[in-house]
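A short worksheet on the structure shown next.
The values are calculated or read from the model by the stated rules, or taken from the named source; none is laboratory data. Predicted model only: the values in this text are computed from it and were never measured. Glycine gets a Cβ as well: all are built from the backbone with ideal geometry, and neighbour counts include every protein chain shown. What goes into the accessible areas is simple: the full protein's heavy atoms, side chains included, and nothing from ligands, DNA or RNA. Shrake-Rupley method; radii C 1.70, N 1.55, O 1.52, S 1.80 Å.
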Amino acid sequence: LALSGVPPFAGFFSKDAIIEATHLSDIAGHGYAYFAVTAGVFVTAFYTFRMMFLAFHGTPRFATDAHAADHGHGHHGGPPKESPWVVTVPLILLAIPSVYTGWVYIEPMLLGGFFGSSIVILPEHRALWEFKNEWHGVAAFIQHGVLSLPFWLALAGIGSAWYLYLANPALPARIAARLGPVYAVLTNNYYFDKFNEWFFAGGARRVGTLFSEIGDGKII
């Protein structure tokens, strides 16, 4: 819930503060930035709860030891087990501030002098000053958040994830098949990783090989 930006959890305060400041900005491109961060609310809530539903709900996806052995997977299957205390305790300690941190720290961090002179807002970037003028406390900010579009987009993202991965789990595969090339582009992250691997990393290796084989091996 915190990661999805649902009030009153910590992620809500940081998310909505960014959205509100972007909305109040008047620099070039702020309209597109406002659209992007607002649309991102739906996407974040969707993939967060998709991950949770796939991991902890619906049809079990773990293999029994016998099933794993039959399929040549060794003995790595079996029902999931609770994590040891060295994992569980830090998770609990992280979960506690994910509930209350926004209530306590949003005002001094965003509008006060929490960071001292480490972070300075330039005079021409007036969005946070406008935000400060409209700030009426944590309770009012939560109330405003519940009535605003990002909150309903977060709920829509959660509901969509529930429908696609619990209520109608066969639908995502049909959507992927119907979208075809669009799905392939999205799954491959617009092919940026493959381009970087081929052009930058591969290019650097080819240049290095050239210097190594010709420069070092033949000339030097």
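Miscellaneous remarks
- Ellipticity estimate at 222 nm from DSSP helix runs (n ≥ 4, -39,500 (n - 2.57)) divided over the chain, nearest 500: -19000 deg cm²/dmol
- The chain: relative contact order as a whole-number percent, Cα under 8 Å and 6+ apart: 30
- Shown are 148, 83, whose ranking by accessible area with a 1.4 Å probe and every protein chain present, most to least, is 83, 148.
- Exposure ranking of 178, 205 by accessible area [1.4 Å probe, largest first]: 178, 205
- R0 of 22 Å, Cβ-Cβ distance residue 182-residue 55: FRET efficiency to nearest 0.05: 0.25
- When the surface is traced with a 1.4 Å probe over the full set of protein chains, residue 194 keeps roughly 120 Å² accessible.
- The candidates 57, 30, arranged from most to least accessible area with a 1.4 Å probe in the full protein assembly, appear as 57, 30.
- Radius 14 Å from Cβ of residue 132, net charge of other residues (Lys, Arg +1; Asp, Glu -1): -3
- Inter-part distance where region 182-202 and region 1-57 are each reduced to a Cα centre, Å: 25
- Protection-proxy order for peptides 183-191, 18-26, each taking the mean of Cβ atoms within 10 Å per residue, highest first: 18-26, 183-191
- Here the simple spin-label model places points 7 Å from the Cα toward Cβ, and for residue 83 and residue 196 these points are separated by 2.6 nm.
- Computed FRET value (nearest 0.05) for residue 115 with residue 156, which takes r as the C-beta separation and R₀ as 45 Å: 0.85
- Residue separation of residue 218 and residue 28 scaled by 0.36 nm, minus their Cα-Cα distance, works out to 62.9 nm of gained length.
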